[in-house]
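Visitor: Below: one structure in structure tokens.
The values are calculated or read from the model by the stated rules, or taken from the named source; none is laboratory data. Since the structure is predicted, the reported quantities are computational estimates derived from the model, not experimental observations. Here the Cβ is made from the backbone with ideal geometry for all residues, glycine too, and neighbour counts use every protein chain on show.
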């Protein structure tokens, strides 16, 4: 059964620690057979912890799961299937990030060949669609990150005050680089209003290190790897 290894930020440090203030491992249940476990993202919306996967090889259909108290269950307290609309032709659907900012559910894809450019979508209330540019800055640059940023391993969250962007470090499975959105420049800037470098502590050996998820639940900053 697929599952997630869960970490949380240890307040007053630079560390995310496996199992800290967390259920260490959380199963994923009732996933459709064509769930693409390689392309996923997470968010917390103030009431529910949510998990998303692309459907199979599609680039515009997403399955939605929510935490039911013991597992992330497909369709629980959720619109089971969501559709991305009006995506630019060069939107890269090989990975995604999502967050909830208190007003809008947001989804991000990178620009193909320009991983430092983010296309922003938002959920259209009352529908099952995420629309590019809806209630959004359509395209947002990511600036200032070091050359050793692994832009293929990235995640985002909103913590109630700041929109945050994270990438792992190339060749290092224990390091996160952090930036946040600067409204003066309309960009995600490395180290802006952020601890620039964060450490992952006690990562289980069964973690799939190829992608990560993050969220903030109003109390804790949380980080996730898939369990192999």
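Visitor: In the range 33-61, how many are within 17 Å of residue 226 (Cβ to Cβ) and surrounded by 14 or more Cβ atoms within 10 Å (Cβ to Cβ)?
Guide: 13
Visitor: Another one. For the range 143-155, does any single residue satisfy the condition of being outside any strand (DSSP E or B) and within 24 Å of residue 56 (Cβ to Cβ)?
Guide: Going through the range 143-155, the residues outside any strand (DSSP E or B) turn out to be 144-148.
Checking which are within 24 Å of residue 56 (Cβ to Cβ) leaves us with none.
No - not one qualifying residue is present in the range 143-155.
Visitor: Moving on to the next point. For the range 14-33, check the following and say yes or no: at least one residue is in a loop (DSSP other than H, G, I, E, B) and closer than 16 Å to residue 123 by Cβ. Write out each step before concluding.
Guide: Taking the range 14-33 as the starting set, the residues that turn out to be in a loop (DSSP other than H, G, I, E, B) are 14, 19-24, 30-33.
Those left that are additionally closer than 16 Å to residue 123 by Cβ: none.
Taking every residue of the range 14-33 in turn, none turns out to be in a loop (DSSP other than H, G, I, E, B) and closer than 16 Å to residue 123 by Cβ.
Visitor: So, residue 87, is that one touching a residue at least 12 places away in the same chain (Cβ under 8 Å) and not in a strand (DSSP E or B) or not? Explain how you work it out, then say what you get.
Guide: Values: touching a residue at least 12 places away in the same chain (Cβ under 8 Å): yes; not in a strand (DSSP E or B): yes.
Spelling it out, residue 87 is indeed touching a residue at least 12 places away in the same chain (Cβ under 8 Å) and not in a strand (DSSP E or B).
Visitor: Further question: Are any residues in the range 114-124 more than 21 Å from residue 141 (Cβ to Cβ) and either assigned to a strand (DSSP E or B) or out of contact with any strand residue (DSSP E or B) (no Cβ under 9 Å at 6 or more places or on another chain) (or both), and if so, which ones?
Guide: Step one: filter the range 114-124 for residues more than 21 Å from residue 141 (Cβ to Cβ), giving 123-124.
Matches in the range 114-124: 123 only.
Visitor: Tell me, yes or no, whether the range 149-159 has at least one residue that is surrounded by 15 or more Cβ atoms within 10 Å (Cβ to Cβ), touching a residue at least 12 places away in the same chain (Cβ under 8 Å) and over 26 Å from residue 64 (Cβ atoms).
Guide: yes
Visitor: Check 108, 49 and return the single one that is out of contact with any helix residue (DSSP H, G or I) (no Cβ under 9 Å at 6 or more places or on another chain) and in contact (Cβ under 8 Å) with a residue 60 or more places away in the chain. Break it down stepwise before answering.
Guide: Working: 108 fails: in contact (Cβ under 8 Å) with a residue 60 or more places away in the chain.
Of the residues listed, the single one that is out of contact with any helix residue (DSSP H, G or I) (no Cβ under 9 Å at 6 or more places or on another chain) and in contact (Cβ under 8 Å) with a residue 60 or more places away in the chain is 49.
Visitor: Restricting attention to the range 182-191, which residues are surrounded by 14 or more Cβ atoms within 10 Å (Cβ to Cβ) and either closer than 19 Å to residue 170 by Cα or in contact (Cβ under 8 Å) with a residue 24 or more places away in the chain (or both)?
Guide: 187, 188, 189, 190, 191 - these are the residues of the range 182-191 that are surrounded by 14 or more Cβ atoms within 10 Å (Cβ to Cβ) and either closer than 19 Å to residue 170 by Cα or in contact (Cβ under 8 Å) with a residue 24 or more places away in the chain (or both).
Visitor: Sticking with this one: Within the range 62-99, count every residue that is buried (at least 18 other Cβ atoms within 10 Å of the Cβ) and at positive phi.
Guide: Counting residues in the range 62-99 that are buried (at least 18 other Cβ atoms within 10 Å of the Cβ) and at positive phi gives 0.
Visitor: Return yes when residue 179 is at pLDDT 95 or above and on the phi > 0 side of the Ramachandran plot and no when it is not.
Guide: Numbers: at pLDDT 95 or above: yes; on the phi > 0 side of the Ramachandran plot: no.
Judged against the criteria, residue 179 is not a match.
Visitor: Quick check on the range 162-184. Is at least one of its residues out of contact with any strand residue (DSSP E or B) (no Cβ under 6 Å at 6 or more places or on another chain), in a strand (DSSP E or B) and closer than 22 Å to residue 109 by Cβ? Steps first, please.
Guide: Of the range 162-184, the ones out of contact with any strand residue (DSSP E or B) (no Cβ under 6 Å at 6 or more places or on another chain) are 171-172, 183-184.
Then keep just the ones that are in a strand (DSSP E or B); that gives 172.
Now narrow it down to the ones that are closer than 22 Å to residue 109 by Cβ: none.
No - not one qualifying residue is present in the range 162-184.
Visitor: Next question, about the same structure. Consider residue 78 carefully, then state whether it is out of contact with any helix residue (DSSP H, G or I) (no Cβ under 6 Å at 6 or more places or on another chain), closer than 20 Å to residue 208 by Cβ and either at pLDDT below 95 or part of a loop (DSSP other than H, G, I, E, B) (or both).
Guide: So residue 78 does not fit the description; no.
Visitor: Also: Yes or no: residue 218 surrounded by fewer than 19 Cβ atoms within 10 Å (Cβ to Cβ) and either free of Cβ contacts under 8 Å to residues at least 60 places away in the same chain or farther than 26 Å from residue 139 by Cα (or both)? Walk me through how you get there before you give the answer.
Guide: Numbers: surrounded by fewer than 19 Cβ atoms within 10 Å (Cβ to Cβ): yes; either free of Cβ contacts under 8 Å to residues at least 60 places away in the same chain or farther than 26 Å from residue 139 by Cα (or both): yes.
Considered against the rule, which asks whether it is surrounded by fewer than 19 Cβ atoms within 10 Å (Cβ to Cβ) and either free of Cβ contacts under 8 Å to residues at least 60 places away in the same chain or farther than 26 Å from residue 139 by Cα (or both), residue 218 comes out as yes.
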